[in-house]
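Novice: Pasting in a structure now, in structure tokens, and then I'll have a few things to ask.
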Amino acid sequence: MKGYTSSALLLGPALLSQLALAQQAPSGVVHWGIQKRHAPNAPNRLLRRAGPTHQAILQNEQARGGYFATCEMGTPGQKVTLQLDTGSSDVWVPDSTASICNKGACDLGSFDPSKSETYTVVGQGEFDISYVDGSSSKGDYFTDVFNIGGTTVTNLTMGLGAQTDIAYGLVGIGYAINEAIVGNSHSLSSQYPNLPVAMVDDGLINTIAYSLWLNDLDADEGSILFGGIDTKKYKGDLTRIRIYPSSNGYYFSFIVALTSLQAISPSGNDTLTSQEFPIPVVLDSGTTLSYLPQDIVDQIWQEVGAEYSDRLELAVIPCSKKSSNGYFSFGFAGPDGPRITVRMDELVLDLTSGDPPKYTSGPNKGQDVCEFGIQNSTSAPYLLGDTFLRSAYVVYDLVNNEIALAETDFNSTESNIVAFASMSATIPSATQAPNQAAVTNRPVATMPSFAASSGFSDTGGSGNDGKDENASAGMPSAFGVAQMSVMGIAMVFAMIGSGVFVLL
């Protein structure tokens, strides 16, 4: 999840294409470009886990488990590379004096406030953020210059992680009400203009909105476009659906209604079902994998031949399944809402950045072991992370509390940027999904037997709680957990909500 060198920027074909598009862009459009780089000494990690618009090119760091972008902080500017996170709302960076940085772990950069002429502390000791995996960062809130791709936010409030066990910072771009200080103080009055709001206040964009195009798993780059959309980055129609508030009526996260899921292969179509439908899912770029209810995940794993590993504490699958012709179709906001296709080559992920482990016995003996991109979770809200988001073009409208979805156009080299016209303007080129009241309907399963109807694989998967309880019914296990031996792997890391936690 971290792995850069300090080598000079090399202009590869993808970046040259983006630079060409930037030259053609209308006034007010800024492209924020970076290129994928690797640190030679980075340890192997298991990867769990048109008007005023501003675009950043994001780096797909597969070995880091997320999407990162480079910016500058302070005067003169100090370069840091931060992870993009739609699931949090603070921009923060490790302090150069933090113990984790003194140990040489902050290879993506840290911030030295003593070297900035414009640094001002505005909340001493008030920055305190924790993630669901137990990782955290604490220190001061400060204001300083923040530069993204040549565009400057003059007085952005950020967190400085003096006590942190996370070696890189984040660009949280969620609702301002979800800022760490609001949760810690239990006071709405403590919220400040976070990055999307500050960009509006500085006149850089017209409304609090942005669009996300992560591109495919093997691509070096994706992009985020603040204040607008790019109509050449998706296929078909762009459809608006509602974001759901929390029980107290406030909007904290990007929760939408997942209302159907189909498994489609050359042998037929299967409708999967869950007692949780309509499933509340958060569209979260800070989460590497996707996490859905156990009952529907059992069916998904059965379809593809994945199985839960007690040893690794995650679902694994033969790497050869990446070339499967099967795919999943995710439906949102009722029967007439948008549908997003997710192919198997976006769901079968390398377990390590080095040589993959192998199955040592069973029907897949000798094959490489990969991680599966959809894992199980026991409670809501559920998460659709990067394994889903790469297949979707997603527009986040934080003023009208809407999300727009369309099928992504992988590796598109064209661009047509359209800005939001004004504050509160609806998402350009998007139509509203009809019949959203129908999200209470639960689809009926069409699977008489998981394995019998599956066209993804020749073998079965896991039963309840990820265990192979179908073996007695004559369904061969796709993966013998008790017989598997993964050698040379010391630790398993997972990315959930931009954190890292140890599984083994």
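The values are calculated or read from the model by the stated rules, or taken from the named source; none is laboratory data. Please read all numbers here as calculations on a predicted model, not as lab measurements. Methodologically, a virtual Cβ is constructed for each residue, glycine included, from the backbone with ideal geometry; neighbour enumeration extends over all protein chains shown. For the accessible areas, the whole protein counts, side chains as well, though only heavy atoms, and no ligand, DNA or RNA atoms are used. Shrake-Rupley method; radii C 1.70, N 1.55, O 1.52, S 1.80 Å.
Novice: Restricting to region 341-376, what's the tally of residues that are open to solvent by less than 30 Å² (accessible area, probe 1.4 Å) and assigned to a strand (DSSP E or B)?
Specialist: 9
Novice: So which strands (runs of 3 or more DSSP E) stay within region 391-437 end to end and still have 1 or more residues that are surrounded by fewer than 21 Cβ atoms within 10 Å (Cβ to Cβ) and acidic (Asp, Glu)?
Specialist: Fully inside region 391-437 and qualifying: 402-408.
Novice: Take region 377-390 and flag every residue that is surrounded by 19 or more Cβ atoms within 10 Å (Cβ to Cβ) and assigned to a loop (DSSP other than H, G, I, E, B).
Specialist: Gly385, Arg390
Novice: Still on this structure: Quick one: Glu307 ticks every box in (1) at pLDDT below 90; (2) crowded, with 23+ Cβ neighbours inside 10 Å except a single one, so which number is it?
Specialist: (1)
Novice: Which residues, taken from region 194-215, are open to solvent by 20 Å² or more (accessible area, probe 1.4 Å) and either more than 18 Å from Glu402 (Cβ to Cβ) or within 13 Å of the chain's Cα centre (by Cα) (or both)?
Specialist: Asp201, Asp202, Gly203, Leu204
Novice: Follow-up. If I filter region 155-165 for residues that are part of a loop (DSSP other than H, G, I, E, B) and not assigned by the TED database to the domain that holds Tyr291, do I get at least one hit?
Specialist: Looking for residues that are part of a loop (DSSP other than H, G, I, E, B) and not assigned by the TED database to the domain that holds Tyr291, one finds at least one in region 155-165, hence yes.
Novice: When the residues of region 113-139 are narrowed to those that are charged (D, E, K, R) and surrounded by 13 or more Cβ atoms within 10 Å (Cβ to Cβ), which ends up nearest to Pro94 (Cα to Cα)?
Specialist: For region 113-139, the residue satisfying everything is Lys138.
Novice: Taking the conditions exactly as written (more than 29 Å from Phe254 (Cβ to Cβ), more than 25 Å from the chain's Cα centre (by Cα) and among the aromatic types (Phe, Trp, Tyr)), does Tyr119 satisfy them or not?
Specialist: yes
Novice: Inside region 250-287, can you point out the residues that are closer than 17 Å to Tyr396 by Cα and open to solvent by less than 20 Å² (accessible area, probe 1.4 Å)?
Specialist: Matches in region 250-287: Phe254, Val256, Ala257, Leu258, Val281, Val282, Leu283, Asp284, Ser285, Gly286, Thr287.
A quick yes/no check of all residues on (1) in a loop (DSSP other than H, G, I, E, B); (2) among the hydrophobic types (A, V, I, L, M, F, W, C); (3) within 22 Å of Thr360 (Cα to Cα); (4) not assigned by the TED database to the domain that holds Gln375:
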site	(1), (2), (3), (4)
Thr288	yes, no, no, no
Tyr291	no, no, no, no
Asp295	no, no, no, no
Glu303	no, no, no, no
Ile317	no, yes, yes, no
Ser329	no, no, no, no
Pro335	yes, no, no, no
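Novice: Exactly one of these conditions fails for Thr231: (1) closer than 18 Å to Gly87 by Cβ; (2) of a type outside the set (A, V, I, L, M); (3) touching a strand residue (DSSP E or B) at 6+ places or on another chain (Cβ under 7 Å). Give me its number.
Specialist: (1)
Novice: Right, something else. If you take the residues of region 236-249 that are more than 17 Å from Tyr382 (Cα to Cα) and modelled with pLDDT of 95 or more, which of them is most open to solvent (accessible area, probe 1.4 Å)?
Specialist: Only one residue fits best here, namely Asp237.
Novice: Now a separate question. Somewhere in region 207-218, is a residue touching an Asp or Glu at 6+ places or on another chain (Cβ under 8 Å) and over 24 Å from Ser429 (Cα atoms)?
Specialist: Scanning region 207-218, I find at least one residue that is touching an Asp or Glu at 6+ places or on another chain (Cβ under 8 Å) and over 24 Å from Ser429 (Cα atoms), so the answer is yes.
Novice: If you don't mind, there's one more thing I want to ask. Does at least one position in region 168-177 carry a residue that is more than 23 Å from the chain's Cα centre (by Cα) and either on the phi < 0 side of the Ramachandran plot or open to solvent by less than 30 Å² (accessible area, probe 1.4 Å) (or both)?
Specialist: For region 168-177, residues more than 23 Å from the chain's Cα centre (by Cα) and either on the phi < 0 side of the Ramachandran plot or open to solvent by less than 30 Å² (accessible area, probe 1.4 Å) (or both): absent.
Novice: For region 176-218, which residues satisfy the criterion of being over 15 Å from Glu126 (Cα atoms) and of a type in the set (Phe, Trp, Tyr)?
Specialist: Across region 176-218, the qualifying residues are Tyr210, Trp213.
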